[in-house]
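The block underneath contains the structure these notes are about, expressed in structure tokens.
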Amino acid sequence: MEKKEHIISVLVHNKPDVLARIAGVLGGKGYNIESLCVNSTMQYEVSKIVMTTIGSKETVTRIENQLRRLVDVIQVDDLTNVESIHRELILVRLNLTADKKEQINKAIDTNKWKVIANADAYVILEIIGDQAQIDFAMAKLTPLGIADITRTGIIALNLEQ
């Protein structure tokens, strides 16, 4: 059984403890949530949860079936193998040390990364992209000395529907 990352989209009623119950279903069965994004939809009473987990197709099918049984779950979709757009946002703070400042500025200019805060001692970048673009950015920035980072996790939207 091949294990790979799966992107699961879940529409739920926007009520207290829904997310805790979803996390409990996965954690209780030994499945890890790799990334998680939650927000209300155009209808305030409905939220969309986009999460990633690693497992075989059979494992993900079991997860989907368990999620569908929860009272406040409206819809569950595996977006891994359907036409969908995937994005992630990272905010990265780099310290502008004398020996790295020129390299950092060159990397920013070359890759057209967005600077959202700039001071004498640091720069904060906003980078948005698919998994490959984020992995590329991380590979380029890590040797330059990332001081701090925060990531949204993957968000996804089905192109159909």
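The values are calculated or read from the model by the stated rules, or taken from the named source; none is laboratory data. Only a predicted model underlies this, so the values are computations on that prediction, with no experimental measurement involved. In this analysis, Cβ positions are derived from the backbone assuming ideal geometry, glycine residues included, and neighbour counts consider all displayed protein chains.
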Exercise. Residues of segment 101-127 being surrounded by 15 or more Cβ atoms within 10 Å (Cβ to Cβ) and among the aliphatic types (A, V, I, L, M), which ones?
Worked result: Ile104, Ala107, Ile108, Val123, Ile124, Leu125, Ile127
Problem set entry | Members of segment 52-67 found to be farther than 14 Å from Ser9 by Cα and part of a strand (DSSP E or B), listed by number | Ile54, Gly55
Seminar exercise, completed: Apart from one, (1) in the same structural domain as Ile8 (by TED's automatic domain parsing); (2) at pLDDT 95 or above; (3) aliphatic (A, V, I, L, M) all hold for Ile63; the odd one out is (2)
Seminar exercise, completed: Of the residues in segment 44-60 that are exposed (fewer than 14 other Cβ atoms within 10 Å of the Cβ) and modelled with pLDDT under 90, the one that is nearest to the chain's Cα centre (by Cα) is Ser56
Exercise. If you take the residues in segment 72-100 that are over 17 Å from Ile146 (Cα atoms) and polar (S, T, N, Q), which one is surrounded by the fewest Cβ atoms within 10 Å (Cβ to Cβ)?
Worked result: Asn81
Exercise. Under the condition of being acidic (Asp, Glu) and in contact with a strand residue (DSSP E or B) (Cβ under 7 Å, 6 or more places away or on another chain), which residue from segment 79-133 is farthest from Ile155 (Cα to Cα)?
Worked result: Glu126
For this session: With the condition kept exactly as written, say whether any residue in segment 22-38 is under 30 Å from Leu144 (Cβ atoms), small (Gly, Ala, Ser), surrounded by 16 or more Cβ atoms within 10 Å (Cβ to Cβ) and not assigned by TED's automatic domain parsing to the domain that holds Ile128.
Result: yes
Exercise. Taking segment 83-94 as the region of interest, how many residues are under 13 Å from Leu141 (Cβ atoms) and modelled with pLDDT under 95?
Worked result: 0
Exercise. Looking at this structure, is Lys48 of a type in the set (Lys, Arg), out of contact with any Phe, Trp or Tyr (no Cβ under 8 Å at 6 or more places or on another chain) and part of a strand (DSSP E or B)?
Worked result: yes
